[in-house]
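The values are calculated or read from the model by the stated rules, or taken from the named source; none is laboratory data. A quick note: this is a predicted structure, and the numbers were derived from the prediction, not measured. As a convention, Cβ positions derive from the backbone with ideal geometry for all residues, glycine included, and neighbour counts pool all protein chains shown. Just so you know, the surface numbers come from the protein's heavy atoms only, side chains and all, with ligands and any DNA or RNA stripped out. Shrake-Rupley method; radii C 1.70, N 1.55, O 1.52, S 1.80 Å.
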Amino acid sequence: MKTILLIDDDPATLEVINECLRHHFRTRIATRGKKGMQLAQMSPAPDLVLLDLELPDMNGYQICSALKRDPGTADIPVIFLSSHSDIADITRGLELGAVDYVPKPVAPPILLARVRTQLRLREAQIHLADRNLHLESLVRERTRDLEARTLDLQRNQELTIVALGAIAETRDNETGNHIRRTRAYVRTLIEYLLLQPAQRDRMPPEEWALIAKCAPLHDIGKVGIPDQILLKQGPLDAGEFAIMKQHTTLGRDALRTAELRVDAHDPFLRIASEIVYSHHERWDGTGYPQGLYGEAIPLAARLMAIADVYDALISKRVYKPAFPHNKAVEIITEGRGRHFDPLLVDCFLVCAETFNEIAVLHSDMPSPEENA
């Protein structure tokens, strides 16, 4: 049963209202404002307050304001009772938060109807609030589930990328931890490149992250290169090198086939294709497979080019010893504006020591400095 709080100092009015309501509701009665506010704070809280505008100790406006300021009573509907019908008085009460106004002398049927209406509205508000809380809880739960699934998907995607890169790596026994190092180099270059505000808007944040994620795939096309060329113990002749260069096209075509088969236009596959196909292009247009020049080379491929060449320089190959870090830095610096994007070389020079730390951390041979 609902509880109605009556705050009025007129005995005749209280008798009429109480007789009207007591068959349908529990009632609490106060003839003073302070007592009324005390009864409003009792547990359980009243479901509705009938409030006279004129009381001996304080007026109804003060009481209504106090009730609305208190979080414990702020949501209780208040209906004003008054013998005054001045529009300004009524408006002031409604602006303070009252939901209705009933003139005196009170007509019991009208009062009962208005009380029931406000109680139904209050029940609807409570139901809606509960429903909203339930929906918010569901949304939070679904969001957590989605975030967990997204993290799982990202982890699975990264594992797949590394596994695919490792397939190419197993066919070329000279590469060792090459894909780990180059991925870390690319990530480092991006971090320093993004310190320049003008660079951040070149692509969305998630695409910057994809560049480093896709880096391990850069040599995936080598799985299509014959063993007698890929594993040759010595320099390649012109014909063999022409075949070796096909690994860029083979890798790009494999990714395009995957994209067509799943009918997906995903930035991951686009960026991976750019890296695979164009990481041997040169800034001056003398690279392969297309001979692209300058900004025409995709940025992801330009980043990969520095990472790939640096790692090749500091790694031992059948046709060369491992160069020390300082020599690798010197060679890349000489390639500024010829082999490499000048801006990216400038970034590389700032973080070159980080490259060296990565090389040592993921080394598959004694530190390059030991070979100096």
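Say whether the condition of being more than 22 Å from the chain's Cα centre (by Cα) and surrounded by fewer than 22 Cβ atoms within 10 Å (Cβ to Cβ) is met by at least one residue in the stretch 203-214.
No: the stretch 203-214 contains no residue that is more than 22 Å from the chain's Cα centre (by Cα) and surrounded by fewer than 22 Cβ atoms within 10 Å (Cβ to Cβ).
Cβ contacts < 6 Å: first residue within 19 Å of residue 293 (Cα to Cα), restricted to the stretch 338-361; second residue surrounded by fewer than 18 Cβ atoms within 10 Å (Cβ to Cβ), any location; separation 6+ or different chain. Result?
Hits for this filter: 338/284; 342/336; 345/336.
For the stretch 112-129, which positions are of a type in the set (A, V, I, L, M, F, W, C), open to solvent by less than 70 Å² (accessible area, probe 1.4 Å) and either touching a helix residue (DSSP H, G or I) at 6+ places or on another chain (Cβ under 6 Å) or more than 20 Å from residue 36 (Cα to Cα) (or both)?
Scanning the stretch 112-129 gives 112, 113, 124, 129.
Just to be sure I understand, how many residues within the stretch 306-333 are within 39 Å of the chain's Cα centre (by Cα) and either assigned to a loop (DSSP other than H, G, I, E, B) or of a type in the set (Ser, Thr, Tyr) (or both)?
Total satisfying the criteria: 3.
If you check 85, 65, which single one turns out to be polar (S, T, N, Q), under 49 Å from the mean Cα position of the chain (by Cα) and surrounded by 10 or more Cβ atoms within 10 Å (Cβ to Cβ)? I'd like the intermediate steps shown before the answer.
Working: 85 fails: under 49 Å from the mean Cα position of the chain (by Cα).
Exactly one of 85, 65 is polar (S, T, N, Q), under 49 Å from the mean Cα position of the chain (by Cα) and surrounded by 10 or more Cβ atoms within 10 Å (Cβ to Cβ), namely 65.
With 250, 303, 260 as the choices, which residue is at pLDDT 95 or above and either assigned to a loop (DSSP other than H, G, I, E, B) or not charged (D, E, K, R) (or both)?
Details: 250 fails: at pLDDT 95 or above; 260 fails: at pLDDT 95 or above.
That would be 303, the only listed residue that is at pLDDT 95 or above and either assigned to a loop (DSSP other than H, G, I, E, B) or not charged (D, E, K, R) (or both).
Out of the stretch 241-255, which residues are open to solvent by 40 Å² or more (accessible area, probe 1.4 Å) and either over 14 Å from residue 289 (Cβ atoms) or among the hydrophobic types (A, V, I, L, M, F, W, C) (or both)?
Going through the stretch 241-255, the residues open to solvent by 40 Å² or more (accessible area, probe 1.4 Å) turn out to be 241-243, 245-246, 249-250, 253-254.
Of everything in the stretch 241-255, those that are open to solvent by 40 Å² or more (accessible area, probe 1.4 Å) and either over 14 Å from residue 289 (Cβ atoms) or among the hydrophobic types (A, V, I, L, M, F, W, C) (or both) turn out to be 241, 242, 243, 250, 254.
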